[in-house]
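Reading through the structure tokens given below for one structure.
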Amino acid sequence: NSQYDTKLDLKKDEGMKIDGVLDEDEWSIAESNAYTLVHKTYPDVSVTSMCYLGEEGAYFGVVVNDTHVYYNDERIPTRNSSVEIQVKGFGDLDTRAYSMIVAPTGNGCDVQLKEATRRLNLNSSGNMQWMFTPFKWEGAATVKGNINTSTCEGYVVETFIPWSELGVTNHKYVRTYVAMNHVEAESSDAGRSWSGDDGNNRPNTWRIASN
């Protein structure tokens, strides 16, 4: 459905471009709220996350340092090297959470709607559950080195979600956290580990981000 194409050129703040480079001046502002997580099992693997809140929406930059960066188009994004950015509003009654998953391919990124656009909703039992719910956002990734080789040093992810999609009116703060998928081999059945901001495989700590 082209309405939810993640490569749509959504209206963004002047000068902002979603290309996985993080070279806009606004990211120097975002560095003040950046934080770095180190993988629990692999101390040479780390992820630095930052957020910039603009007039049009929320921007996220993620820098991953990882010497094992693998992509296989037969795998779903979460079985590839990838990052997951969770975000929800702050200060509004409707604070549904949204999940954006970006997997670097070495030639841009893989953003599959079925696997990568999820919203935390109430299910029929009254419990919160991640469900596939399309929403408009953009994502891009650049790889440092050659993917699927020992020369790869990591990758950079950049995403944007408009305020209208988040459905909140308080544009000064968001709640967010980031998790990463680290895989050990290029094969489609390779094992993976998921690491979030509490240092283990069950990240659930929301952080407040503002400019």
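When we screen Asp13, Asp9 for residues that are open to solvent by less than 60 Å² (accessible area, probe 1.4 Å) and over 14 Å from His182 (Cα atoms), the only hit is Asp13.
Applying the condition of being out of contact with any Phe, Trp or Tyr (no Cβ under 7 Å at 6 or more places or on another chain) and on the phi > 0 side of the Ramachandran plot to the stretch 126-154 and asking which residue is surrounded by the fewest Cβ atoms within 10 Å (Cβ to Cβ) yields Gly126. Of the candidates Trp137, Trp163, Trp130, the single residue that is in contact with a His (Cβ under 7 Å, 6 or more places away or on another chain) and either modelled with pLDDT of 85 or more or within 17 Å of Arg79 (Cβ to Cβ) (or both) is Trp163.
Remark: pairs (first residue in the stretch 22-37, charged (D, E, K, R); second residue modelled with pLDDT of 90 or more and open to solvent by less than 40 Å² (accessible area, probe 1.4 Å); Cβ separation under 8 Å; 6+ apart in sequence or on different chains) = Glu24/Met16; Glu26/Asp13; Glu26/Met16; Glu26/Tyr52; Glu26/Gly54; Glu26/Tyr59; Glu31/Met50. In the set Val168, Val178, Val157, Val111, only one residue is at pLDDT below 70, in contact with a Ser or Thr (Cβ under 9 Å, 6 or more places away or on another chain) and crowded, with 20+ Cβ neighbours inside 10 Å; that residue is Val111.
Kindly evaluate Ser2 against the criterion of being within 27 Å of Thr133 (Cα to Cα), at pLDDT below 90, of a type outside the set (Lys, Arg) and exposed (fewer than 15 other Cβ atoms within 10 Å of the Cβ). Yes.
Entry remark, the stretch 56-100: residues being at pLDDT 95 or above and acidic (Asp, Glu) number 1 in total.
The values are calculated or read from the model by the stated rules, or taken from the named source; none is laboratory data. All of these numbers come straight from a predicted model, not from anything done at the bench. Note that we place each Cβ from the backbone using ideal geometry, even for glycine, and neighbour counts take in every protein chain shown. Keep in mind that these areas ignore ligands, DNA and RNA; they rest on the heavy atoms of the full protein, side chains included. Shrake-Rupley method; radii C 1.70, N 1.55, O 1.52, S 1.80 Å.
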